[in-house]
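The values are calculated or read from the model by the stated rules, or taken from the named source; none is laboratory data. Predicted, not measured: the structure shown is a model, and the values here were computed from it. Cβ: placed from backbone, ideal geometry, glycine included. Neighbour counts: every protein chain shown.
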């Protein structure tokens, strides 16, 4: 995983899986289907991404597929920061 993915993984672990076994948390692990992140969790992730990566909140589409996995979140951030730079 890239350092961006590592940062996002660290956030997910700290905010949603603190104290849990994270061995299965790969880049493609489905956070939504596995109950790690719910709709409120997606809002928390959006807020974090906006602050941490200077992505205007209005530019973050709330499509579940963008937040389904660490890999998807990383790809979204990479794409969003390319267009804002």
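Is it true that residue 43 is under 11 Å from the mean Cα position of the chain (by Cα) and surrounded by 13 or more Cβ atoms within 10 Å (Cβ to Cβ)? For residue 43, the condition - under 11 Å from the mean Cα position of the chain (by Cα) and surrounded by 13 or more Cβ atoms within 10 Å (Cβ to Cβ) - is met. For the range 1-25, a residue qualifies if it is surrounded by 13 or more Cβ atoms within 10 Å (Cβ to Cβ) and in a loop (DSSP other than H, G, I, E, B), and the qualifying residues are 1, 17, 22, 25. Annotation note: of 30, 65, the sole residue that is within 21 Å of residue 13 (Cα to Cα), surrounded by fewer than 11 Cβ atoms within 10 Å (Cβ to Cβ) and under 12 Å from the mean Cα position of the chain (by Cα) is 65. Checked against (1) at pLDDT 95 or above; (2) in a helix (DSSP H, G or I), residue 43 meets all criteria but (1). Looking at 55, 32, 45, which one is over 15 Å from residue 4 (Cβ atoms) and touching a residue at least 24 places away in the same chain (Cβ under 8 Å)? Every option except 32 fails the conditions. Does residue 73 satisfy being part of a helix (DSSP H, G or I) and touching a residue at least 60 places away in the same chain (Cβ under 8 Å)? Judged against the criteria, residue 73 is a match.
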